[in-house]
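Engineer: First the structure, then my questions, so here it is.
Here, each number is a calculation from the coordinates, and none is a lab measurement. Remember, predicted model here, so these are calculated numbers, not experimental data. No Cβ is skipped: glycine too gets one built from the backbone with ideal geometry, and neighbour counts run over all protein chains shown.
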Amino acid sequence: MPAYILTGAPGSGKTAILRQLEIDGHAVVEEAATDVIALRQALGRPEPWREPGFADRVLNLQRKRQLAAKTDAGDVVFFDRSPVCTLALCRYLDLKAPRHLLEEVERLVGERWYEQTVFFVRHQGFVQATAARRISFHDSLAFERVHELAYREVGFDLVEVPAAPLPVRVAAIQQAVASGDEPHLREGRVRAFEQAPPPVA
């Protein structure tokens, strides 16, 4: 099951890309953090990302969806983010990453669960606010940088998906996957996840 991660800044258009990939017949695994936030807000928690245990809730849902995808999908599957994004979120919020999150990232890399190529969807020059996305464009750029550093630190190869019309972005991703020459995760690329990335300028 070739498993590709799509990640990037909030408001980058990643979800629209995934919706089109799904319509085109590809399996898609939904982002966990957005659904955790939506549920907690429905329960009267306006800023669930500030609550203790938020990263745990996201990780638990991510794990359930990964296991379901491993069982059901026999073809290429696209993941809307991964536990590496949860690690980046902890760093962005200046929260200590739970030990089991670090262990999960190390396990997924060690088992070569994902393809080494990660599609990094770049910002579109603006951010449209939603109930779950309360971030300025300036802050989204900082968030984007933290994500980029986290993925490079773990050892993934990032393929940039620049701002462009949706059909162009989707076609570029499909072409990259169809080329069939994506290398798998290399061994020995798991690094010290506890170490914070360089400060964001």
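Engineer: Of the options Val28, Leu61, Pro46, report the single residue whose Cα projects farthest towards the positive end of the charge dipole of the range 28-67 (beta-carbon charges: Lys, Arg +1; Asp, Glu -1).
Structural biologist: Leu61
Engineer: Work from the charge dipole of the range 3-178 (Cβ charges, +1 for Lys and Arg, -1 for Asp and Glu, about the Cα centre) and give the residue of Leu95, Ala178, Ile5 farthest towards its positive end.
Structural biologist: Leu95
Engineer: While we're on this one: Please rank Arg99, Arg81, fewest neighbouring Cβ atoms within 10 Å first, as an exposure proxy.
Structural biologist: Values: Arg99 10, Arg81 23.
The most exposed by this proxy come first: Arg99, Arg81.
Engineer: Another question about this same structure. If you place +1 on the Cβ of every Lys and Arg, -1 on the Cβ of every Asp and Glu, and leave all else neutral, what size is the dipole of the range 3-178 about its Cα centre, to the nearest 20 Debye?
Structural biologist: It comes to approximately 420 debye.
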